[in-house]
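Novice: My questions all concern the structure below.
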Amino acid sequence: MDYVGICFSTCRTCFGPTAGDCYSCVANAFRDTDGDCICDTINYASALAEDCSIYGGVCHWICASCNGPSAFDCVACIEHAHRNSHGKC
């Protein structure tokens, strides 16, 4: 029988309600040595959000601000840069 309840906040998909019941983790989270999905501890801002939704890591050099590490994750591009047709700064 498939689990139909609510997943733990750090789980993208799950088979139960705890952090250890995750099939996969949300963005800015990873599986620790116990198998639990936890927020990236290097990413302090992410650890402040219970669901790891805030990215606080290093942005790609072309990003003025971002929600992830790649040039596709830019919220805003640096001065004199713009997004191309694929959304990359």
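Novice: Looking at the range 1-16, which of the residues that are part of a loop (DSSP other than H, G, I, E, B) and hydroxyl-bearing (Ser, Thr, Tyr) is farthest from Asp32 (Cα to Cα)?
Specialist: The extreme case among them is Tyr3.
Novice: Look through the range 19-52, keep the residues that are modelled with pLDDT of 75 or more and polar (S, T, N, Q), and return whichever of them is farthest from Ala81 (Cα to Cα).
Specialist: The extreme case among them is Thr33.
Novice: Do we have any residue at all in the range 53-62 that's of a type outside the set (S, T, N, Q), under 13 Å from the mean Cα position of the chain (by Cα), at pLDDT 90 or above and closer than 30 Å to Lys88 by Cα?
Specialist: no
The values are calculated or read from the model by the stated rules, or taken from the named source; none is laboratory data. Here the structure is a predicted model, which means the values were calculated and not measured.
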